[in-house]
Amino acid sequence: MAERTIRIGCGFDAHRFSDDRKLVLGGVPIEHPRGLAGHSDADVVLHALCDALLGATAMGDIGQHFPADNHEFKDISSLILFERVAMIVRQDKWKFVNADITVICESPQIAPYAERMRQNIAAMFDAPLDAVSVKGTTTEKMGFTGREEGIAAMAVVLVSR
């Protein structure tokens with residue numbers, strides 16, 4: 001029997017708010033007066049998750065795979081980027097085990113949208129819903145998220161093969 005390998009990856013992403021964008025987190029449109037600035041749709045949840053997956057599998061980071069100077073990725077949905085990362089991970093024979101994601105912002109509240117984010121992420125790997133956790137926290141008005149200048153997200157994943 002082959003030896004099983006288990007790896008952990010962590011990812012972090014942050015984007016500043018922009019008045020002329022729609023807010024999308026975890027592939028879910030969020031009711032909010034401002035979106036996030038970025039080359040793609042600036043979905044910090046999926047960007048952090050992509051970096052965690054790529055880190056766990058030692059395959060670089062999101063910027064290496066989808067560089068900001070490539071016009072192919074301009075305003076692209078991060079669900080597409082996440083799908084491509086999931087494919088890269090699967091092609092290298094890695095299996096998604098679970099993910100834990102924390103969204104850091106004063107607003108919007110994450111709880112009303114967390115279930116749909118979890119569904120999007122679990123579906124990409126045909127994983128059970130309880131293999132994905134999405135939650136929100138604030139920084140108690142401290143730092144750039146506390147001043148409501150932007151949103152950040154952290155992700156931790158476990159993969160095996």
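The values are calculated or read from the model by the stated rules, or taken from the named source; none is laboratory data. The structure presented is a predicted model; accordingly, all values stated were derived computationally and were not measured. Backbone-built Cβ (ideal geometry, glycine too); neighbour counts: all protein chains shown.
For the reader, a short list of remarks on this structure follows.
- Test for Glu106: is it farther than 25 Å from Asp92 by Cβ, in contact with a helix residue (DSSP H, G or I) (Cβ under 9 Å, 6 or more places away or on another chain), loosely packed, with under 13 Cβ neighbours inside 10 Å and at pLDDT 95 or above: no
- Residues in region 41-72 that are in contact with a His (Cβ under 9 Å, 6 or more places away or on another chain), over 21 Å from Thr102 (Cβ atoms) and touching a residue at least 12 places away in the same chain (Cβ under 8 Å): 3 in all.
- Subset of region 54-69 [surrounded by 18 or more Cβ atoms within 10 Å (Cβ to Cβ) and under 15 Å from the mean Cα position of the chain (by Cα)]: Leu54, Gly55, Ala56, Ile62, Phe66
- Yes/no for Asp51 being within 30 Å of Arg4 (Cβ to Cβ), crowded, with 17+ Cβ neighbours inside 10 Å and modelled with pLDDT of 95 or more: yes
- Single condition Ile8 does not satisfy, out of (1) surrounded by fewer than 14 Cβ atoms within 10 Å (Cβ to Cβ); (2) under 21 Å from Lys95 (Cβ atoms); (3) touching a strand residue (DSSP E or B) at 6+ places or on another chain (Cβ under 9 Å); (4) without any contact (Cβ under 8 Å) to a residue 60 or more places away in the chain: (4)
- Taking region 53-161 as the region of interest, the strands (runs of 3 or more DSSP E) fully inside it that hold 3 or more residues being touching an Asp or Glu at 6+ places or on another chain (Cβ under 9 Å) and not charged (D, E, K, R) are 132-137, 150-160.
- Verdict on Gly38 being within 15 Å of the chain's Cα centre (by Cα) and modelled with pLDDT under 95: yes
- Residue within region 70-89 that is crowded, with 22+ Cβ neighbours inside 10 Å, more than 22 Å from Gly136 (Cα to Cα) and in contact with a strand residue (DSSP E or B) (Cβ under 9 Å, 6 or more places away or on another chain) present: yes
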